[in-house]
Every structure is written in structure tokens, then in C-alpha cells.
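The values are calculated or read from the model by the stated rules, or taken from the named source; none is laboratory data. This is a predicted model, so every value here is computed, not measured. Ideal geometry is used to build each Cβ from the backbone, glycine not excepted, and the neighbour counts take in all protein chains shown. Keep in mind that these areas ignore ligands, DNA and RNA; they rest on the heavy atoms of the full protein, side chains included. Shrake-Rupley method; radii C 1.70, N 1.55, O 1.52, S 1.80 Å.
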Amino acid sequence: MFSTKSPWATVTASDRYGGDRVASCPFSSVLEQLKVRSQPLDSPPPFTLGEPLPTSKYLPMAVSPKTPNSLLLIYVASLITSSGAAQPLPADGVIHPDVHRRLSESNAPVKVWLSFRDKGLSSPVEVQDGLRKLEQTYPARATWRRSLRRATSGPDGLFDVRDLPLEESYLAAVQEAGAEIVIESTWLNAVSALVDADDLVLLEDLECLETIRLVGRGVRLNQPASPPSLLPSPPTAAGFYGQTESQLAQIDLPDLHTAGHTGSGVVIGVLDSGFRLDHDVFNFPGHSIQVLAQFDFVNGDGVVGEEPGDFPGQHDHGTMVLSTIAGYLPDTFIGAAYDASFILCKTEDIASETQVEEDFYVAGLQFIELNGGDVATSSLGYIDWYTQANLNGLSAVTTKAVNIATQNGVHCCTAVGNSGNDGDPFTSHLIAPSDAFDVIACGAVDSSATLAGFSSDGSTSDGRTKPEVLAWGVSTVAASPSDTTNLVAVSGTSLSTPLVAGAVACLTDSNPTWSVSAMRKQLFATASSIGAPKPDPLFAEGYGLLQANKANQHLDLGPMEPGLSGVLNTFHVTGATPGSFVYLVFGFGPGAVTLPGCAPGVQVDINAPNLYGAGLVNGAGEADFSIPVPPGLGGLTIWIQLAELSTCRPSELLTLTF
């Protein structure tokens, strides 16, 4: 791909964009920069975005085998900062100062992000050609999910330039300069790579590179919020849910199951340390766990279970997390979304001497999106040289990846961490990516719905509420990772998070067209306060304890606009049943009245309610009302709700003073 006689790397891209197009990545200066390196003979060719595996699954990244890496294990971890706030890059610089500092400390190659300036496309026509080809080749289920829930619009509404492959000549150029590529991210238009000081001399002079920054990392501390403890054998007649009944009932999930919404048809991606799938809870006769895709980003293979060379206990955390969602052992143990299918990503090397790094998280998340995941859950996080000031939804690499995933219609759930809450709204203890704009950030409570002392508080540095919802995270019941039969109790926000993710999957089962924004609105509007106002002004409890079935029954009523008497006012409702009718209910005081039309009736919180018109719900679950408000109502307060009588669902109560 390179000539030793020329500093120019070229590649013909007709196969990707149509027509002949040559892109290049020259060195800014030539003679003193030329260096030719051959790749090690034992380095396998990297996987390529969209390349089918033998199992017809898709890998979104290049992955090199057994590169030192790790993700943070929330239930046993906290993160320490080794270098303070990230230093600003000089205006005319490519290499972040921390890269040189890390190299001087390590005497070994360091892992960096090599960010490219563009995708190598010189015109809008080339972009359009690339997007059209991508639309024809992108996995069908991922395309379907995007068509239902994608929040941003590209030229055709489903794809944009972030989805296009990295420019091949740029990849060749950084390899020629000596970089050993580990992960390729089309979303970030970057690769993570191992480099040394000599490599940096050449890389800095490549015109296609925009920045060179360290891959974010932290140190994993062996201090669990609560280590797993073995549970006694359950009674022989414990009921369908067995030992998980209380933790599921606390978030109002069994009623949603009873209504038929158990995660069937929903795909959940789990990013974690590895998974032991031979436990009884994953292998009930006729109901074994359904794994649609899996990949080990630690070792660069398709094995997500324990394998030779793994650190002892590598699969422990992931097994416990997965079981709280996927387990199915009637009368003993039932997971939160036991009929869902799964994408499993082994993204953490738990070896105590290994630094945690963020690039495999990005790889795993894009793997989930590409393989059609509806929900992604992670009990992992990063801080290191990100400070709380950097947790603004825009800075951390994992946060950026989550932002893109949610824009593409993936409901993402993540733990806020176990660094505690201090009651001070001006301090925070979050980890990335819990600061992402539309991630569902999860805290933890105990069996009595009291906030766990270890559950991290917010807010984000730009003032947004995090955590947002809470679930059981103290002595949560999970499958034992040490054998195939026993159960354990374990604590941490990493155990409350998969309960939330399971509830989100069941709600997606019931409401597949809900966008990421609509899901969040439903969860937050119906969450049950555990003491603080909603949202918590101290940023510890968020909107409260998740209530899954209530969220499923809830209609989201937007504000009345313009909210004036004597003019035509409008309402907008979302989350309704397509094809049904939604009725406007109003009155002049609070109350509790059950309206007929469904069994057992729908309760509205209005005294002497009046029905005023009906709106037909469209295919997206939305309806609009236009209401003339008489001038004589000026100065009066009106109580307003919407009611879907066919399903017994009310909206929240809205009070307006004209």
C-alpha cells in the first residue's frame, strides 16, 4: 500500500463511494520523515466495519488481540485521578502534552486516540454516494431500529457522515508511521493505537491527523461496595419470581410482565467483564438465554466466557449483571427482561495490574448498535484525567459514543458509580459516560427504598440532573459466578443499572416506537420520589425510584401553548396507543374520580371532571388538541389531564392559571 520511494499513501475508493477517487495523507515535510516499518508477523489483519463474522454478526471496529486494556468494574471500583484536569491543546498543536508525559513515565508504547480531520471525501456528491451504499449494506435490524427511533436526520434520515468508514489511506498512513492500531471508530473518526516516541515524530506531521490524545484511563481499586455473599437455598414454593420478586416489585415490573411485556423481541447489549453462561438461570429447559452476537474485545475473539490466560474471576461481574436481566428459573430466580435476546461484549480485563481504558467501551457500544441492539447497559465508567468539570456531556470519549448511540435510537443505561453522595449540590462524584445527554443514569437504593450511601451524586458540570432514576442496588440477588446453581447478594450501582435496563427493555417491548427522548420522559414523569422533590435539588435521588408499569400506562402531556384565555390553545400528547382516541379531561379543582370506558376504569385527579373532545392517535403514538379558551376564564386555575379510555391510561396532571 506504500512505496518506499514516495511519502504519499494512496487508495482507490471506488468500491465504497462509486467512481474512481484517490485520497491521500502526505507528510508535511518529507525526507527526514520517511520511515518504513513492517507490521509484526503475528499481528492478524484487523476486523473491518460491516465485515460479517462466520456467525453472520457484524464487528464495527478493528480489534487487535490481547492489548493491555480494561474497563471499570463499578461494583468493585472507584476511580482515581492521576493527572488532574485535561490540559488544553495548544492552538497549533496536534499532540496533547499528556502524551509526552505518559511516554516519559512508561518506557513503553502508550495508547492514544488518533483523530482524523475528515473521512477523505472531497465533495457532497461523494458523501451522498457513500451514504447510499451504506444504506444498502447496513444490517437490517439496525436500520429498522433507526427508522423507528433515530433522533437526528442525515440526508436520508437514517445515516450521516459519522457512519461512513474511515479513509483507508489515512489508516495506512498512521500504520506506516509506526502506530499499531487497536480500535477503529467510525463514529469518532479516530483509531486507538499503540505508539512510541519515534512514531509521534512521524504522526505529528501527517496532514490527515487532527489530534493525538491519550486514551482515557483510571485505576481499578479492589474495594467493593459490597462483595458477593452466598444466599441460602430458596424455599420450595417461593412463587414464580423466587428470590428476585422483591427487587423487581420495587420498580413495578411484575405488573408489566403480567400485561405481557417481558422483553420479547427486544435486543439488549451488555458491556462487561465476561459472562459465564452455564449457570442454571441461563439454561432452563425450553427457555435458555438467546445470544444473537458476542465478541471479546480483550482477546480479539468471539469467546465472552472464561478462557485460558484470563485473570481469575474475569467473568464474575458480567455474569451477575447479565443474570439480573436474563435469568429464568421459575420459583427461584427471574430476571427483569427474561424474554429478551442479547448481544454480549467482553470489554474489561480485570487484572489488578491493568489500567482501565475507554476505547473498548466505544468498540462494544458500536458493536451493539450495528447488530441492532435496542437497549445498551453498562456498569462501567471512566474518570482518570477527566475531572468533574469535564463531565459536561461533550468531553469524555465514552460520553461522545453514548451520545451518538442514543441519537441512533439505542436506549442506553449506565451506572453513576459508587463514590457516594454528600448532600452538597455544588460537589459531584460522577463518572463518564453517566454525563451523556440522553443516557439513563442509574443510582441505587436498598430494600426499603432508602438511597444507598455509596450511590454517586451529581450534577453534571453544566447543571443537568444525574443520577436520574433509582433501583435496588443493595444486596441485589444475582447468579453466583463461582458455580452453576447458587445465588448471591451483591451491592453497587452496577446491580441497580441492569434492573433499570431490563425495565426499559420491557417498556420497549410494549412501546417499540418510543424514541429515546420519549422513554426518558415516561420514566422521569412516573418515577416515585423517595423523599426529595422531583428532580432532587441535591442531585442524589434524581427523579426517584423507577416505576415500570406506571410508565407504561402513562400519557405524556405537553404544555398548553400559548396558555392564554380568549385564544386558541394547543396540547400535544405522546406515548399513546396508535389508532386509539385520547380524551381531554378538565375541572376546577383536585379530586379522584374513576372514568368508565375500560376495566377497572381510569382514575383522574380532578374533581367533577368534564370531557372535552377526543384526539385520534397517529402511528407514532402522538395526538394534538386545539381548544378555544373563553376570555371569561382569565384569572382562573384549571386542572387538566388526558385519558386513553381503551387502555385505562391517564397523563400527568397539569394545572394552568389563565
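For q values of 0.19, 0.24 Å⁻¹, compute log₁₀ I(q)/I(0) with the Debye formula on a Cα-only model of segment 431-503, without solvent.
-0.76, -1.04
Working with all protein chains in place, sort 499, 292 by solvent-accessible area computed with a 1.4 Å probe, largest first. Each step should come with its number before you reach the end.
Numbers: 499 0, 292 65 Å².
Descending order: 292, 499.
Can you list the aspartates and glutamates whose alpha carbon is less than 12 Å from that of residue 534, not counting same-chain residues fewer than 8 positions off?
Filter leaves 468.
To make sure I understand the rule: partners must be aspartates and glutamates, Cα under 18 Å from the Cα of residue 466, and not fewer than 8 residues away in the same chain. Which ones qualify?
422, 424, 435, 438, 457, 536, 541
Can you give me the solvent accessible area of residue 100 with a 1.4 Å probe, rounded to the nearest 10 Å²?
100
How do 262-270, 360-368 rank on mean C-beta neighbours within 10 Å, highest first?
Numbers: 262-270: 24.1, 360-368: 28.9.
Listed from highest to lowest mean packing, they are 360-368, 262-270.
Can you give the % of DSSP beta bridges in segment 277-411 that are antiparallel, to the nearest 5? Write down the numbers at each step before the final one.
On the way: 5 of 12 bridges.
So the antiparallel bridges in segment 277-411 amount to around 40 percent.
By per-residue mean of other Cβ atoms within 10 Å, what is the highest-first order of 525-535, 628-638? Don't skip to the answer; put the middle values down first.
Numbers: 525-535: 17.1, 628-638: 12.5.
Ranking, from highest mean packing down: 525-535, 628-638.
Take the Cα radius of gyration of segment 474-520 and divide it by 2.2 N^0.38 Å, with N its residue count; two decimals is plenty.
On the way: Rg = 14.4 Å, N = 47, 2.2 N^0.38 = 9.5 Å.
For segment 474-520, the normalised Cα radius of gyration is 1.51.
How much of residue 427 can a 1.4 Å solvent probe reach, expressed as accessible area in Å² and rounded to 10?
Surface open to solvent at residue 427 totals about 50 Å².
Taking segment 357-417 as the region of interest, what is the percent of Cα-Cα pairs per 10 angstrom bin, listed from the shortest bin to the one with the maximum distance?
P(r) over segment 357-417, rounded to whole percents: 22, 58, 19, 1.
Just the number, please: carbon plus sulfur as a percent of the accessible area of segment 233-325, 1.4 Å probe, no ligands or DNA/RNA counted. Don't skip to the end; give the middle numbers.
Values: 1790 of 3370 Å².
Ligands and nucleic acids excluded, carbon and sulfur give 53 percent.
Take the Cα atoms of segment 389-452, find their three principal axes, and give me the spread along each one in whole Å, biggest first.
Computed over segment 389-452, the largest-to-smallest principal extents equal 36, 27, 15 Å.
Kirkwood Rh over alpha-carbon pairs of segment 441-570, then Stokes-Einstein at 10 °C and 1.306 mPa s: what D in µm² s⁻¹, rounded to an integer? Show your work: numbers first, answer last.
Details: Rh = 16.2 Å.
Result for D is 98 µm²/s.
Using a ≥ b ≥ c from the Cα gyration tensor of segment 105-224 (square roots of the eigenvalues), is it rounded, prolate or oblate, where a/c under 1.5 gives rounded and otherwise the larger of a/b and b/c decides, a/b for prolate? Kindly include the intermediate steps, with their values, before the conclusion.
Working: a/c = 3.05, a/b = 1.49, b/c = 2.05.
Oblate.
Compute the convex hull volume of the Cα atoms of segment 495-589, divide it by the residue count, and report the result per residue in Å³ as a whole number.
Working: hull volume 14.1 nm³, N = 95.
Enclosed volume per residue, from the Cα hull, is 149 Å³.
Check which residues have an amide H placed less than 5 Å from residue 391's amide H, if you skip close sequence neighbours.
Close amide H contacts, sequence-distant or interchain: 461.
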